[in-house]
2 protein chains.
Amino acid sequence: MTFLDELFEFLKVDTTSAKGKGEEGAKFLVDFMKERGIEAELIRHKAVNPYVLGEINVKAKKTLLIYNHYDVQPAEPLEKWNTDPFKPVEKDGKIYARGVADDKGTLMARLQAVLQLLKEGKLKVNVKFVYEGVEEIGSPFIEDFLQDYKERLKADYVLWEGAGRGADNSPEIVLGVKGLLYVEIRARMEKDLHSMYAPIARNPAWELIYFLTSLRSEDGKVRIKGFYDKVKRLNEEEVKYLRGSKEEVEKALGQRVPEGFMRKLVEEPTCNVAGIYAGYTGEGSKTVIPSYAFAKLDFRLVPDQDPEEVLEELKKILPSNLELKVWGKVRPYRTSINSEIARALISSAKEAYGIDPIVMPNSPGTGPMEAFARILNNNQIADGVGVEYYGSNIHSFNEHIYKDDYFKAMEWMKKLVMELQR
Amino acid sequence: MTFLDELFEFLKVDTTSAKGKGEEGAKFLVDFMKERGIEAELIRHKAVNPYVLGEINVKAKKTLLIYNHYDVQPAEPLEKWNTDPFKPVEKDGKIYARGVADDKGTLMARLQAVLQLLKEGKLKVNVKFVYEGVEEIGSPFIEDFLQDYKERLKADYVLWEGAGRGADNSPEIVLGVKGLLYVEIRARMEKDLHSMYAPIARNPAWELIYFLTSLRSEDGKVRIKGFYDKVKRLNEEEVKYLRGSKEEVEKALGQRVPEGFMRKLVEEPTCNVAGIYAGYTGEGSKTVIPSYAFAKLDFRLVPDQDPEEVLEELKKILPSNLELKVWGKVRPYRTSINSEIARALISSAKEAYGIDPIVMPNSPGTGPMEAFARILNNNQIADGVGVEYYGSNIHSFNEHIYKDDYFKAMEWMKKLVMELQR
């Protein structure tokens, strides 16, 4: 089997953690690694999907821990895909499949690169692998897992889940993550009512909507008490390394973006309506007062906001007619741009791509980086060596990567390892 | 077959007009009437379901036109029903089925009463029947139909779709209807996006939500220009006949209602969110910016508001990022409490039930009464002789009536006819 065949086999496995799927993907990885001489183990812990731990010990002084996740976001709405999300397809130099960009392609490219170095006798740094199966549902129990396995996860450097080509197509290095608070707000009454009762009855949909607008002003500012107090604005050096092509980003998003878009992406916390539902949503009309309404909200948080504190303030202003369910909490994190791992990533990216990388102080996205830093007592956590680009449609339909970027990431990985073991 | 068996056969026919179903119900009625000696005809017109016309001509001077609708609201959510909505069940003196209260039970009780009078040789007024199949989707093309068939529909009195037991369990007479404007507001962008783009991307769900709150204040006041200008407040006589048991209404709605609830039900126009949808609504979390959001809104209008005028003002304030789709428009109407039909309804109700009826100047619900009045040039349109009560769960799950009320309505119908032909 070729590198691509092997990737395709992995992509075929449905690992949608929001639906409780993933175990099959974990087993695939354990078998894959064992067959190629890597010690690997499936770890059942508290989360719905198991972890996978792997290790190559070459008795070197330094150890690199590679973190990826094998789970994916739900592929819905399926009717928007041109192909089956779990039947990978190569077309016009691109590979289409759910998870190919986030995060299975990167996981596999790195693993293949390390296997090559091992085969060629060039691996002079110990490598550990940790693959998570519940990243897309907010990494529940990750802290417990890190606590329980912190000895086995000990490392000098941690390579994060993946950053590929940035907004101007240069390789991208990311030194942190945003945090997340994911909640569901619900309003109920006993039963659906004919809407002729609207002059005298509650309407849970209206109640929900008014609460939502009380949380956020129309220009995006979040109205929760103290929300912006701990936001750490970027320093001059961090801003200097930030760049991106407005044209590329606009093309990828299918819309205009504001001036200063890169800085906003890094530095602005948000309150996003990810889903809302109430009442009759079929074709035509139904005159009903819905008995049940809910909204799913994600708050993206920046260093040094704390999801616990935001949640506490949110609970304080929650009216008694509404319920709140927490689906996920992750703290934000940033590694120094002067760390060894950051420097190694920058120079290996230059070598592999022949151009200066972009350096993002933190990703606009989220991952459990802060828990790794705190529990493993490691402040050298950074990201790069990914397969995706700005138009990859991650978390959306027709997710894809460029085939060439898969091989480019393998090259970058090899050079990064060589750099770290220098 | 007994009266109940015959009703059950009718209830088994799924006539959900919002799903394009109904034709089978129309055929059932034509066959049913013909088999019992009533001239009847299925009329295919412009709407998705046909009309049914029937006539008993006893060469009397006066003619009564009976209007009912055979279509029903969607039964969803099905999981909330204790029984199959299209498999009628008798239990604890009640009959459960979609449409038994609105409007199939009333249709059938009246038809059976007229058939009995005919059989007994007591029918001294001509009776015409008109059954509609698209009332629950806002009676599209009703005006065209009335125009095209106005000669055949000519009558001295029109009996509306049905009013059963009012809020204090007395028989109820209703002299009008509210109007309706049903619209869907939609917001779109090209594709779903990962919510990490929230600092720089549009969110159609937020855009929709802010527009909704701009339409209505939290206390229920509609903020559309001129919305209240034509609202005709009740006069003293009309208020006098209004009554209802607060306890009964609260029990039926499963919640507390405000003081003056009967007057509010009659006199207050509303803007109701009947449905809203965007993004991920499954179990757990998905961090997405939804590409599509929509809300279904019904505006209940009172005499003399005009749905066309409300729609025009709504269009004027619709932002360019939103789309509007109109699903239905019906004008409100009120008949005089001093008309012959109102007086006949009041005295026959007293005879049948032995108690004073409640008289509502207009229903809190909607029907195409205004079109009948205008096109048929008839100002004697009123409602009563229905099978339902306040707890019937119309438009909701577990719709039902008391079995006794089915037979009580037959009795009321016979006495009404005797009164009108006096």
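Worth pointing out:
- Region B:55-152: C-alpha gyration tensor shape, a/c 1.5 cut-off, then a/b vs b/c: oblate
- Residues of region B:318-362 with amide N under 18 Å of the 7 Å Cα→Cβ point at B:R243: B:346-362
- Helix A:23-35 axis, angle to chain A major axis (alpha carbon atoms, nearest 10°): 0 degrees
- Rounded to the nearest 20 debye, dipole of region B:276-422 from Cβ charges on Lys, Arg, Asp, Glu: 120 debye
- Sorted from nearest, the other copies put their B:E79 label points 2.1 nm away, the label point being 7 Å from Cα in the direction of Cβ.
- Cβ-based charge dipole, region B:81-203, positive-most Cα from B:G176, B:L159, B:L193: B:L159
- Helix A:403-420 axis versus longest C-alpha principal axis of chain A: approximately 60°, rounded to the nearest ten.
- Between 0 and 90°, nearest 10: helix A:105-119 axis offset from chain A longest Cα axis: 10 degrees
- Equivalent ellipsoid of region B:295-357: semi-axes from √(5λ) of the C-alpha gyration tensor, largest first, are 41, 13, 7 Å.
- Region B:246-341 shape via C-alpha gyration tensor axes, a/c threshold 1.5: oblate
- Whole-angstrom gap from region A:237-280 to region A:31-109, using each part's C-alpha centre: 26 Å
- Each copy carries a label point for A:K240 at 7 Å from Cα toward Cβ; from one copy, the others' points are 8.9 nm away, ordered from shortest.
- Space enclosed by the convex hull of the alpha-carbon atoms of the protein assembly as shown, per residue, Å³: 174 Å³
- Per-copy distances of the B:K122 label point, shortest first, in nm (7 angstrom along Cα→Cβ): 10.3
- Pairs beyond 20 Å (Cα-Cα), from A:K251/A:K408; A:K61/A:K154; A:K59/A:K122; A:K91/A:K408; A:K87/A:K128; B:K150/B:K178: A:K251/A:K408; A:K87/A:K128; B:K150/B:K178
- The overall shape of region A:270-422, judged from the alpha-carbon gyration tensor, is oblate: a/c is not under 1.5, and a/b is no greater than b/c.
- With only the Cα atoms considered, chain A has a convex hull volume of 153 Å³ per residue.
A short reminder: the numbers here are calculations on the coordinates, not readings from a lab. The shown structure was predicted, so the numbers you read here are calculated from the model rather than taken from an experiment. Glycine gets a Cβ as well: all are built from the backbone with ideal geometry, and neighbour counts include every protein chain shown.
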